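Have a look at the structure below before the remarks.
The values are calculated or read from the model by the stated rules, or taken from the named source; none is laboratory data. Just so we're clear, the structure is a prediction, and the values are computed from it rather than from any experiment. Note that we place each Cβ from the backbone using ideal geometry, even for glycine, and neighbour counts take in every protein chain shown.
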Amino acid sequence: MIAAVYCRVSTEEQGTNGTSLDSQLEACLKKASELGYDVPESLIFKESYSGLSLDRPLFNILRYKAKRGEFEAVIAYGPDRLSRKGEDILTVAQELNAAGIKLVCVQRDFDNSFTGKMLAFVMGWASELEASQIKERTMRGKRTLAAKGVIPQGTGVGLYGYGWDKENKQRIPIEYEVKVVNRVFNMIAGGDSRFKVARTLNDSSIATKSGAKWHPLTIKRMIINTAYIGKTYFGRTRRNGKRFEDVPEDQWIMMPDTTPAIVSDDLFKQANQALAVSKELRHGRPKNDYLLTGHVRCGICGDHLIGTCLVHSYRYYRCRGTYPTSVRNAVCNAGYIRADQMEEIAWNKVKEVIEHPKGDIGRAEEKVGCQQIR
């Protein structure tokens, strides 16, 4: 018998409750051995992600493989590792049950009876409440520090251009990075695009603070960050699920004397004005609709296909890999495919599924030239 193992921690839980990814895995593998299950390396899923959402990269793969019937059981340390919400735990349990897959929890036996479902829901509700309380306490502590003029330090590597003075709880400029920051601001103020700036830094082998490549969004965040002119605020944004949303300015907390200015006020203003102008010049919604955007991949390199219009009239799909980005050159030589032909094939396949919902069409693929529809 084959089983899959799923282990999860969130940022707040890491190292605080004695259930690290490694300890969860060890307990789950022991449970699998006791029950006579084999667990292939390819069916071990460990990720650091919030349990308040079911949309997690590795968990999505686990659910996909479950629907394909690639194993007979899923083993987790506890129901709250699957989700922090009672209703989501029940959703997952029902999915597995429908696929004929047993859900096994190390901490507590879990069955598909009414009592078992009710217990799982209550445990999920309690776990969701605990997660909410942890988040609230963490945020309250950070706001208290910010009100005292102390920058709340998280797990990040810090702001590019600065180091961290642990003793005085302040940022300190790093000479080389200060030069890079001013170079970025001058390029943007001079009319260069965020794409060009990111590409220039990457071509010059200048890494970000974390050692990664520069991206246009990283450049934008640098340009609008008032910390570079010595104005540091806490609470300008807040997380809402996977997204960040702006917070009204009257709720921001000013932290004076925590970040020395390394960009002049005039240069900061010029760069932000240039950034605003480039945004205004950008086109809004595409003139044409491309129904398969996000659903079609290249048959050569596997990258996504995107819609493009030639001579303002003719719709095509083209591999995204044929375009250079800020971090790489073009990696694919696939040609254009007429959008109407591709969409007709896709619609025909949708009709086939609707007309024959129980038909065994599997993961049928239609190839068009060097592209494929999935």
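General remarks:
- Taking residues in the range 180-193 that are farther than 16 Å from LEU159 by Cβ, and partners anywhere that are surrounded by fewer than 16 Cβ atoms within 10 Å (Cβ to Cβ), the pairs with Cβ atoms closer than 7 Å and at least 6 places apart or on different chains are SER193/SER278.
- Qualifying residue in the range 47-58 (condition: in a helix (DSSP H, G or I), in contact with a Phe, Trp or Tyr (Cβ under 7 Å, 6 or more places away or on another chain) and modelled with pLDDT of 95 or more): no
- No other residue among LEU58, LEU90, LEU35 is within 16 Å of LEU103 (Cβ to Cβ) and surrounded by 14 or more Cβ atoms within 10 Å (Cβ to Cβ) apart from LEU90.
- Hits in the range 201-218 - residues which are loosely packed, with under 13 Cβ neighbours inside 10 Å and hydroxyl-bearing (Ser, Thr, Tyr): SER204, SER205, SER210
- Test: residue in the range 71-82 that is among the small types (Gly, Ala, Ser), closer than 20 Å to LYS30 by Cβ and touching a Lys or Arg at 6+ places or on another chain (Cβ under 7 Å): yes
- Members of the range 60-79 found to be among the small types (Gly, Ala, Ser) and in a loop (DSSP other than H, G, I, E, B), listed by number: GLY69, GLY78
- Residue in the range 212-231 that is modelled with pLDDT under 90, in contact with a Pro (Cβ under 8 Å, 6 or more places away or on another chain), hydrophobic (A, V, I, L, M, F, W, C) and assigned by TED's automatic domain parsing to the domain that holds LEU275 present: no
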